[in-house]
Amino acid sequence: MPDWFIIFLDPNARWILLGCMLLGFSSGIIGSFSYLRKQSLMGDALAHAALPGVCIAFMLSGSKSIGLFLIGAAAAGFIATFGIGYITRHTRIKQDSALAIVLSVFFGLGTVLLTHIQHSGNSNQSGLDKFLFGQAASLVGDDVMVMSVTSLLLAGICTLLYKEFKLLSFDPGFARGLGYPVAFLDQLMMFLMVVVVVVGIQAVGIVLMAALLITPAVSARYWTEKLGVMVVLAGLFGALSGMAGTFISANGSNLPTGPLTVLASTAVFLVSLGFAPGRGLVSKLLIHRTARRRYTQQLASTAGYELERKEKAL
Amino acid sequence: MSDLWIIVTGALVASACGIVGCFLVLRKMAMIGDAISHSVLPGIVIAFLVSGSRDSLFMLLGAAGIGLVTVLLIQLIHQSGLQSDASIGVVFTALFAIGIILVSVYTRDIDLDLDCVLYGEIAYIPWNTLQLGSLDMGPKAVWGIGLALLLSVALIGIFYKQFKLTSFDPTFAAAVGIPVALFHYLLMSLVSVTTVASFESVGAILVVGMLVVPPATAYLLTDRLGRMMIYSVVIGCISSAAGYYAAQFLDASIAGSMVSTAGFLFVIALLFSPRHGVLLRKWKQRRILADAAAEPFV
Amino acid sequence: MNHSPLEIRGLSAAYQKKPVLRDISFTAPEGSLIGIIGPNGAGKSTLIKAVLGLIPRLSGDVTIYGKPYAQQRKIIGYVPQRESIDWDFPTSALDVVMMGRYGHLGWFRRPGGQERRMAMECLAKVGMSDYAGRQISQLSGGQQQRVFLARALAQDASLYFMDEPFVGVDAATEKAIITLLNELKQQGKTVLVVHHDLNTVKEYFDWVVLLNVQLVASGSVDSTFTADNLQRTYGGRLAILERDAHSELINQT
C-alpha cells in the first residue's frame, strides 16, 4: 500500500478529505454562475461581510452553532449586497469602489466585534477566530455532514433551475421579459453563494474563500464553450483542488490545508491558461502566428499583383 | 504619550492611503488596491527572511516590486481574455495563499503572526522606537509611514497634471505625449509602498479600507480633484483619532475601529452630502415636484 | 521644402489578430476640412489612433509636415470619442480645456495664469464662457463636446484629428462646430474628421477619405464622393444608404 494512501485509514483525515472536496465542488458550481454574471469579486465581499454576521450571531446566542452562524452571515451578506447595489445605483461611486468600501468596512466592523468578544473573557469564544484563516484540520463528522447536505442541496437547486440560472446569467432583461421572477432568482443565487461561503470559511478562511469561488470556475471556462460542461468541470476542478490540498497537507508537510487547496486550484488554472485548446496561450500563439503568416502572404501577393498590373499598363 | 503616537501613526497611514487612494477610486481600480494589499504578504515574508528585520528600505522596495508583479500578472491574465475582476481574484488569492504558507512554514524564524496580518499591531507601535545614538527618535513605524507619505506627496505634487490627465482621459494623454504606462506603474508602486508601510499598523485587509473609504467619502463631497485629496486626508485623520477612542471604549481592535469609523463617516456623507447626498437629492426632487404641483394655483 | 500636413504610406494596423487597416496611403492637402467616411468597423477611429501612435502599427510610415509624429506632437490637436470618458471625474470645464496645454508644458511646469487665460479664450470661442466652473457631468452632450473642442483649440495646433465630434450633439452645436472648423480652415489649418452622416458630407468637407479596411478612394469631394465609390465603400449596405443620401447621389450620376 503506498504511503499516501494511509490517510484513508484515519477516519478524521477521511472527513477532512471529503469536506474539502465537497466544498471545492459546490463553490466551483456556484462560482461558474457568478463568473458569467461578472460578479466574481462578490464572493470575496460576501466572505468578508460574513465576519460581523457570525460575531453578532455568537454575541446574541453565546453558542457556536453553525446554523446560527449561517443565519447571521446570510443576513450580513444580504445587507452587504444591498449596500453595494445601493451605492452604485444612487451615487457617482462605481462598482469597484462600492465593493471595496463594503468589504473593508464590514470586515473592519467584524474585527471590532471579534476582538471585543475575545477581550470580554467569554470562555466559549475560543476558536471563533479560526474563521479568519480557516482550519480544515478541525473539521469533524458533523461539519462534513452539514457540508454534504448543503452541497447536495446546492447541486440539486442548480440542476433544477439550470435553465433559469443560465438565462439570468446571460440576459437578465430578457429573462424578465419572459416573466421569470428575476429578483427572486437573483436573491436565491446570492443566498446559495452565502451558504457556500459560510460553510467554506471554516475550512479555508475568509480571504481564501474567494479563490474557491473564482479560480475553478475561471479554469473551467478555458476548456469549453458550453455552460453545462463548464459548471460540471468547475465542480470537478474544485473537488480536485480540495483533494490535492488535503493530500499535501496530510502527508507530513504540516502546512495548512486551505492555502494549499487554493494553490492547487491556481495550478489547475495555470495549466488551463497555458494549454487549453482554443483559449489557452499556446493555442492562441499558434493561431496568431498562422494569421500573421497568411496576412503577410496576402500582402505580398496583392503587391505582386499590383506590380504586374502596372507593368501591363506600361 | 503612547496614545498620541498611535493616533499620529493612524493619521499618517490615513493620509498616505487617502492621497493615493483618490486615484484608485477615480481610475476604477479600488479592487486592484485590495489585491495589492493582499499580495504584498509573500513579499514581506520573503523580505523578512532575506534581510532578517522588518524595518529596512530593502523590504519596502521588495514589496513595491511584488505589488508591480501583481499588477502585471493581473493585466497579463486579463489580456489573455479573462474578465478583469476574475483575474484580480485569481492573482491575489494565489499570492496571499503563498504568503500564509510561508508564514506558517517559517513561523518560528520571523516575528510575524497571522493576527498581525489581519489587524496590524498599531497598539505596540509606541514601544518599537528608533534609537539614534542615545537619542530617542520616536516610533519606527511613524518614520516608515512618514517617508512613504512624503514620497507620495512629492511625486504626486510634481506630476500632478500627468496623474490627473492620465486618470481622466488616457487616450488624450497618450496623444499629447504623456507616458501613460509609466504613470500607471508609478501609481501602482506608490500604492504598494504605502501598503507595505501601513501594513504593520493596520494589517493587510484594513489597508484597503483606508485606501478606498475616505477618498470615496471625499468624492461625494466635492467636484474638484485637489479638494478631494485634501478632504480624504482630513476624513482619514478624523477616522483614526475617533477610531482610536472608540477602540479604547469598546476594548477592541484599533485598526478595525478606525475603518469602521471611516465607514460611518461614509454613510453620513452618502446620506447628507450637500451635492451628492441621497437624502438631500430626494428632498430637492420632492420640492420640485411640490412646486410644479402648486403652480396652477398661483 | 513644403511638406503636406499629413502623409500616410502603406499603413496597416491590427487589433489582436484581425487586420483592421490594410495598406492605407494618402496625402492630405493643407488648409482643408477632410472627412473620413466608411461603414462601422471600417477602421476610421483606428486610422486616427494609428496615426497618433496610440495603437501599434504593423507597417507603414506616417509623416506630419515631413517629420514623424513624435516630433510634431505640439502642432497636433485631438478630440477623442466621448464615450470612454468618466464624466463624474472631479474636474470643471475650464480645467478640461487647460488640459490641452499639458503637452506644451513639458514634464515639470504647472499650468498657471497664462494657461488659464488661454483656456478662457478657447471656451469663449465655443460659446461656453458661462460654464467654465461647471463640473463636467452637469453639462449637456452638446456642451461637453464643445468643451472637448475648446480643449483641442487650446492645443493651438496646425493639424486636428476629431473622432466623431457630431455624435450625440444637438443641431445648434453641430452648426457651431462646423462654423469653428471653417474658421480653422481660414487660418490655414487642416482638420480630419471621422464622420457618419452622408447627407452633410458635401456641405461640410472639401476632401474625403473613403475607408473600408482598405482605402477605397481619397480626393476632393466633387471627384471622389460619387455613388460608385460609395457603393464600393459600403458594399451591399448601400440599399439603406441610397435612401438616406438620395439627393446627394442623384447629382453625381
Local electrostatic count at B:LEU26 - Lys and Arg +1, Asp and Glu -1, tallied over other residues with Cβ under 15 Å | +2
Whole-angstrom Cα spans of chain C along principal axes, big to small = 54, 38, 38
One point scatterer per Cα, no solvent, Debye formula: log10 I(q)/I(0) for the stretch B:187-281 at q = 0.17, 0.18, 0.22, 0.24 Å⁻¹ comes out as -0.75, -0.83, -1.09, -1.19
Within the stretch A:183-225, the residues whose backbone N lies under 19 Å from a label point placed 7 Å from the Cα of A:THR88 along the Cα-to-Cβ direction are A:183-194, A:210-211, A:213-215, A:218
Probe 1.4 Å, all chains present, heavy atoms only: C:ASP23 accessible area in Å², nearest 10, is 90
With all protein chains present, how much of the accessible area of chain A (probe radius 1.4 Å) comes from carbon and sulfur, to the nearest whole percent?
-> 68
What total accessible surface area, summed over both chains, is buried at the interface between chains A and B, computed with a 1.4 Å probe and given in Å² to the nearest 100?
-> 4700
Per residue, how many Å² of accessible area does the stretch B:218-259 show with a 1.4 Å probe?
-> 36
Among C:ASN199, C:GLY235, C:GLY43, which residue has its Cα positioned farthest towards the positive end of the charge dipole of chain C, with +1 placed on the Cβ of Lys and Arg, -1 on the Cβ of Asp and Glu, and the dipole taken about the Cα centre?
-> C:GLY43
When all protein chains stay in place, what accessible area (Å², nearest 10, 1.4 Å probe) is found for A:CYS20?
-> 10
Run the numbers on chain A and let me know its relative contact order in percent, using alpha-carbon pairs under 8 Å that are six or more apart.
-> 28
Just counting partner chain Cβ atoms within 10 Å, what average do the residues of peptide A:260-272 show around their Cβ?
-> 3
Is the protein assembly as shown rounded, prolate or oblate when judged by the Cα gyration tensor, a ≥ b ≥ c being the square roots of its eigenvalues, rounded requiring a/c under 1.5 and prolate requiring a/b larger than b/c?
-> prolate
Rounded to 5, percent antiparallel among DSSP beta bridges of the protein assembly as shown | 55
Residue-averaged beta-carbon neighbours from other chains (10 angstrom radius) around B:75-84 = 4
C:TRP87, B:TRP143, reordered so the largest accessible area comes first (probe 1.4 Å) | B:TRP143, C:TRP87
Which value, in debye to the nearest 20, gives the size of the charge dipole of the protein assembly as shown about its Cα centre, when Lys and Arg are +1 and Asp and Glu are -1 at the Cβ?
-> 1600
Taking Cα atoms only, Rg over Rh for the stretch A:3-279 with Rh from the Kirkwood formula is 0.97
Under a Cβ-Cβ cut-off of 15 Å, what is the net charge of the residues other than B:PRO170 that fall near it, where Lys and Arg count +1 and Asp and Glu count -1?
-> +3
Charge dipole magnitude, Cβ of K and R +1, D and E -1 - the stretch A:3-279, Cα centre, debye nearest 20 | 700
Which of C:PHE108, A:PHE174 is most accessible, then next, and so on - probe 1.4 Å = C:PHE108, A:PHE174
Ranked highest first by the average count of other Cβ atoms within 10 Å around their residues, in what order do B:177-187, A:213-223, B:278-288, A:190-200 fall?
-> A:213-223, A:190-200, B:177-187, B:278-288
Between C:PRO90, C:PRO80, C:PRO111, which gets the highest mean-square fluctuation from a Gaussian network model of chain C, Cα cutoff 10 Å?
-> C:PRO90
Percent of accessible area on chain B owned by carbon and sulfur, 1.4 Å probe?
-> 69
Gap in Å between the Cα centre of the stretch C:93-115 and the Cα centre of the stretch A:210-261?
-> 52
Largest first, how would A:THR88, B:THR93 line up by accessible area (1.4 Å probe)?
-> A:THR88, B:THR93
With all protein chains in place and a 1.4 Å probe, A:ARG294 shows an accessible area in Å² (nearest 10) of 150
With +1 at each Lys and Arg Cβ and -1 at each Asp and Glu Cβ, the charge dipole magnitude of chain B around its Cα centre, to the nearest 20 debye, comes out at 1140
Peptide C:104-116 - average C-beta neighbours from other chains (10 Å radius) | 2
The stretch A:203-280 - accessible surface per residue (Å², probe 1.4 Å) = 31
Using r as the Cβ-Cβ distance of A:VAL149 and A:ILE79, and R0 as 30 Å, what FRET efficiency do you calculate, to the nearest 0.05?
-> 0.70
Cβ-derived FRET efficiency at R0 56 Å, B:SER51 paired with A:SER63, nearest 0.05 = 0.75
Output the residues of the stretch C:39-87 meeting this criterion: accessible area (heavy atoms, 1.4 Å probe) in the chain alone minus accessible area with all protein chains in place is 30 Å² or greater.
-> C:LEU54, C:LEU58, C:ARG73, C:TYR78, C:ILE85, C:ASP86
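The values are calculated or read from the model by the stated rules, or taken from the named source; none is laboratory data. Note that the structure is a prediction, hence the values are computed from the model and not measured. Every residue, glycine as well, gets a Cβ built from its backbone with ideal geometry; the counts of neighbours run over all protein chains shown. Surface accessibility is based on the protein's heavy atoms, side chains included, excluding ligands, DNA and RNA. Shrake-Rupley method; radii C 1.70, N 1.55, O 1.52, S 1.80 Å.
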